[in-house]
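Participant: Mind looking over this structure? Questions follow.
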Amino acid sequence: MHDIRAIRENPAAFDAALGLRNLAPVSPQILSLDAERRARIAAAETAQAEQNKASKEAGAAKGRGDEAEFERLRALVGAKKDEIAAMQAEASALDGQLRALLLTIPNLPLDSVPPGKDEDDNVEIRRWGTPRGFDFTPREHFEIGGVKPGMDFETAAKLSGARFVVLKGGVARVQRALAQFMLDLHSSEHGLEETWTPVLVLSEMMEGTGQLPKFGEDSYQTREGWWLIPTSEVTLTNTVNGALVDHASLPRRMVAHSQCFRSEAGSAGRDTAGMLRQHQFEKVEMVSITDAEQGVAEHARMTKCAEAVLERLGLPYRTIVLCGGDMGFGARITHDLEVWLPGQDRYREISSVSYCGDFQARRMNARYRPEGGGKPEFVHTLNGSGLAVGRTLIAVLENGQQADGSVDLPPALHPYLGGKTRLGADGTLA
């Protein structure tokens, strides 16, 4: 959501910022609606003043016995009442149109965001780790001998259709261990509060974080009207929906492990093999609620938290900053972490860490009162995967695979696996 006053004051800057996203200017349409709305409001206020004046004069006419003047003024009061109601209705309708338009316009990128049209224009800012050399041709995760017994796509398709998986045995245990490891790292070392939230939310919550109204086709809605969350960003961020929070409590740093659901609309033919792109998956999600001064620094901090997970697991990765044309709807700047997958011989996204400024807060009406008093201000919000559990499982399996079909597991996971260190070629932990 955007500040209409800022658009009025500098429409050229608003359009220029949207230009970084390769979008056409939209301020003329916004300001036209805004002008019409304000004109109706002003006219209604003028008519209200005229009604009040006529009502007062009618009382005076009645008092002095001037029935003709009283009747004329009473009729005028009635006409003004109808005129005011009509103009207020028009203003309300225009206000709804303006809000609906503003809800579909993405956030404005920071000046530091590189220009570009798509992922080819993203900019790498650092790498960590060296991809392992293999003396055999590395396989994709679903082709590894020791993984096949515990990764069942056929049964999942029978149960639910395409883009689902049944995990069992050692593979399921490794996935659970990964989620526990991530939660422990973030809560015990990174200072994030472990949180558990629902996976069903109201439409207002999806609107608050930007999934609605524009991207409804990307998520699932129940017959009762609830939405299945695409990420616990929705629930964690909306914990401050409609709230006036204590500035001393900021930043609020939270982490949650949840099931997530996405329709994968528009992804037909992409990543159809394996479990890289699923309708149901797990994520450990980080969310921070801050003030304006801390936002950019908190973004760097959150990126480091996500990177730490990969480093503890010994997984090579690179960090990139997305260009304007590749950024998500609600972000002002996004860092993507891409992990090395030897089976694909390429880096693939495993985390997106985004700073949203006050964009989501305006939609949620989430504010804080500055220390020392003063007018309430909108909070600033951030979110990031810490990490996508299924994709981390893929990376662990592919990077640790051995020629005989077994998988050496990262030492960081051994305590979560009862001291087991590898997934055997038969799919059992040893």
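Participant: Among the residues of the stretch 213-224, which ones are assigned to a loop (DSSP other than H, G, I, E, B), under 12 Å from residue 199 (Cβ atoms) and open to solvent by 20 Å² or more (accessible area, probe 1.4 Å)?
Facilitator: Residue satisfying the conditions is 222 alone.
Participant: Going by the structure shown, is residue 295 small (Gly, Ala, Ser), in contact with a Cys (Cβ under 7 Å, 6 or more places away or on another chain) and modelled with pLDDT of 95 or more?
Facilitator: Values: small (Gly, Ala, Ser): yes; in contact with a Cys (Cβ under 7 Å, 6 or more places away or on another chain): no; modelled with pLDDT of 95 or more: yes.
Considered against the rule, which asks whether it is small (Gly, Ala, Ser), in contact with a Cys (Cβ under 7 Å, 6 or more places away or on another chain) and modelled with pLDDT of 95 or more, residue 295 comes out as no.
Participant: List every residue pair whose Cβ atoms sit under 8 Å apart, with the two residues 6 or more apart in sequence or on different chains, where the first one lies in the stretch 191-205 and is in contact (Cβ under 8 Å) with a residue 40 or more places away in the chain and on the phi < 0 side of the Ramachandran plot and the second, anywhere, is open to solvent by 50 Å² or more (accessible area, probe 1.4 Å) and among the charged types (D, E, K, R).
Facilitator: If the second residue must be open to solvent by 50 Å² or more (accessible area, probe 1.4 Å) and among the charged types (D, E, K, R), the pairs left are 192/253; 193/252; 193/253.
Participant: Could you pull out the residue among 144, 105 that is out of contact with any Leu (no Cβ under 7 Å at 6 or more places or on another chain), at pLDDT 95 or above and among the aliphatic types (A, V, I, L, M)?
Facilitator: Values: 144 fails: out of contact with any Leu (no Cβ under 7 Å at 6 or more places or on another chain).
Matching residue, one of 144, 105: 105.
Participant: Continuing with the same structure: With respect to residue 293, determine if the residue is of a type in the set (D, E, K, R), open to solvent by 20 Å² or more (accessible area, probe 1.4 Å) and part of a helix (DSSP H, G or I).
Facilitator: Criteria met by residue 293.
Participant: Here's a follow-up. Can you give me the number of residues within the stretch 211-234 that are under 17 Å from residue 387 (Cα atoms) and either of a type in the set (S, T, N, Q) or in contact with a Cys (Cβ under 9 Å, 6 or more places away or on another chain) (or both)?
Facilitator: 4
Participant: Still on this structure: Farther than 27 Å from residue 281 by Cα and either modelled with pLDDT of 95 or more or not in a helix (DSSP H, G or I) (or both): does that describe residue 133?
Facilitator: Considered against the rule, which asks whether it is farther than 27 Å from residue 281 by Cα and either modelled with pLDDT of 95 or more or not in a helix (DSSP H, G or I) (or both), residue 133 comes out as yes.
Participant: Show the residue pairs that are 6+ apart or on different chains and have beta-carbon atoms under 8 Å apart, the first residue being within the stretch 70-88 and in contact (Cβ under 8 Å) with a residue 40 or more places away in the chain, the second being crowded, with 18+ Cβ neighbours inside 10 Å.
Facilitator: Correct list of pairs: 84/44; 84/47; 84/51; 87/40; 87/44; 87/47; 88/40; 88/44.
Participant: Condition check: touching a Lys or Arg at 6+ places or on another chain (Cβ under 8 Å), more than 13 Å from residue 310 (Cα to Cα) and of a type outside the set (Phe, Trp, Tyr). Does residue 344 satisfy that?
Facilitator: no
Participant: Take residue 173 and decide whether it is over 24 Å from residue 264 (Cβ atoms) and out of contact with any Pro (no Cβ under 6 Å at 6 or more places or on another chain).
Facilitator: Judged against the criteria, residue 173 is a match.
Participant: List, please: which pairs have Cβ atoms under 8 Å, are six or more places apart or on different chains, and start with a residue in the stretch 143-171 that is free of Cβ contacts under 8 Å to residues at least 60 places away in the same chain and open to solvent by 50 Å² or more (accessible area, probe 1.4 Å) and end with one that is small (Gly, Ala, Ser) and outside any loop (DSSP other than H, G, I, E, B)?
Facilitator: So the pair list comes out as 168/150.
Participant: Sticking with this structure for a sec: Looking only at the stretch 260-273, which residues are among the acidic types (Asp, Glu) and either within 21 Å of residue 214 (Cβ to Cβ) or crowded, with 17+ Cβ neighbours inside 10 Å (or both)? Break it down stepwise before answering.
Facilitator: Narrowing the stretch 260-273 to residues among the acidic types (Asp, Glu): 264, 271.
Hit for the stretch 260-273 is 264, nothing else.
Participant: Regarding the stretch 120-140, can at least one residue be identified that is without any contact (Cβ under 8 Å) to a residue 12 or more places away in the chain, within 28 Å of residue 279 (Cβ to Cβ) and either among the hydrophobic types (A, V, I, L, M, F, W, C) or open to solvent by 20 Å² or more (accessible area, probe 1.4 Å) (or both)?
Facilitator: yes
Participant: Related question: Among the residues that make up the stretch 375-384, is at least one of them in contact (Cβ under 8 Å) with a residue 12 or more places away in the chain, of a type in the set (Phe, Trp, Tyr) and touching a Phe, Trp or Tyr at 6+ places or on another chain (Cβ under 6 Å)? Break it down stepwise before answering.
Facilitator: The first filter runs over the stretch 375-384 and keeps only residues in contact (Cβ under 8 Å) with a residue 12 or more places away in the chain, leaving 376-384.
Next cut, of a type in the set (Phe, Trp, Tyr) only: 378.
Narrowing the set further to residues that are touching a Phe, Trp or Tyr at 6+ places or on another chain (Cβ under 6 Å) leaves none.
Within the stretch 375-384, not a single residue is in contact (Cβ under 8 Å) with a residue 12 or more places away in the chain, of a type in the set (Phe, Trp, Tyr) and touching a Phe, Trp or Tyr at 6+ places or on another chain (Cβ under 6 Å).
Participant: Considering each of 276, 315 in turn, give the residue that is under 23 Å from residue 342 (Cβ atoms) and either in contact with a helix residue (DSSP H, G or I) (Cβ under 6 Å, 6 or more places away or on another chain) or buried (at least 24 other Cβ atoms within 10 Å of the Cβ) (or both).
Facilitator: Values: 276 fails: either in contact with a helix residue (DSSP H, G or I) (Cβ under 6 Å, 6 or more places away or on another chain) or buried (at least 24 other Cβ atoms within 10 Å of the Cβ) (or both).
Answer to the check: 315.
Participant: Any residue at all in the stretch 62-69 that is at pLDDT 95 or above, more than 30 Å from residue 119 (Cβ to Cβ) and of a type outside the set (Asp, Glu)? It would help to see each step written out before you state the result.
Facilitator: Initial filter on the stretch 62-69 (at pLDDT 95 or above): none.
Looking for residues that are at pLDDT 95 or above, more than 30 Å from residue 119 (Cβ to Cβ) and of a type outside the set (Asp, Glu), one finds none in the stretch 62-69, hence no.
Participant: Would you check if residue 331 is under 21 Å from residue 116 (Cα atoms), among the small types (Gly, Ala, Ser) and touching a residue at least 60 places away in the same chain (Cβ under 8 Å)?
Facilitator: Values: under 21 Å from residue 116 (Cα atoms): yes; among the small types (Gly, Ala, Ser): yes; touching a residue at least 60 places away in the same chain (Cβ under 8 Å): yes.
Criteria met by residue 331.
Participant: Among the residues of the stretch 225-259, write down those that are in a strand (DSSP E or B), surrounded by 16 or more Cβ atoms within 10 Å (Cβ to Cβ) and in contact (Cβ under 8 Å) with a residue 60 or more places away in the chain.
Facilitator: Step one: of the stretch 225-259, the residues in a strand (DSSP E or B) are 227-228, 244-246, 252-259.
If we keep only those that are surrounded by 16 or more Cβ atoms within 10 Å (Cβ to Cβ) as well, we get 227-228, 245, 252-258.
The answer is 245, 253, 254, 255, 256, 257, 258.
Participant: Kindly evaluate residue 287 against the criterion of being touching a residue at least 60 places away in the same chain (Cβ under 8 Å), more than 19 Å from residue 160 (Cβ to Cβ) and among the hydrophobic types (A, V, I, L, M, F, W, C). Walk me through it before giving the result.
Facilitator: On the way: touching a residue at least 60 places away in the same chain (Cβ under 8 Å): yes; more than 19 Å from residue 160 (Cβ to Cβ): yes; among the hydrophobic types (A, V, I, L, M, F, W, C): yes.
Against the criterion (touching a residue at least 60 places away in the same chain (Cβ under 8 Å), more than 19 Å from residue 160 (Cβ to Cβ) and among the hydrophobic types (A, V, I, L, M, F, W, C)), residue 287 qualifies.
The values are calculated or read from the model by the stated rules, or taken from the named source; none is laboratory data. Given the structure is predicted, the values throughout are model-derived calculations rather than measurements. Counting neighbours? That spans all protein chains shown, and the Cβs are built from the backbone with ideal geometry, glycine included. Protein only, heavy atoms only, side chains kept; ligands, DNA and RNA dropped before computing areas. Shrake-Rupley method; radii C 1.70, N 1.55, O 1.52, S 1.80 Å.
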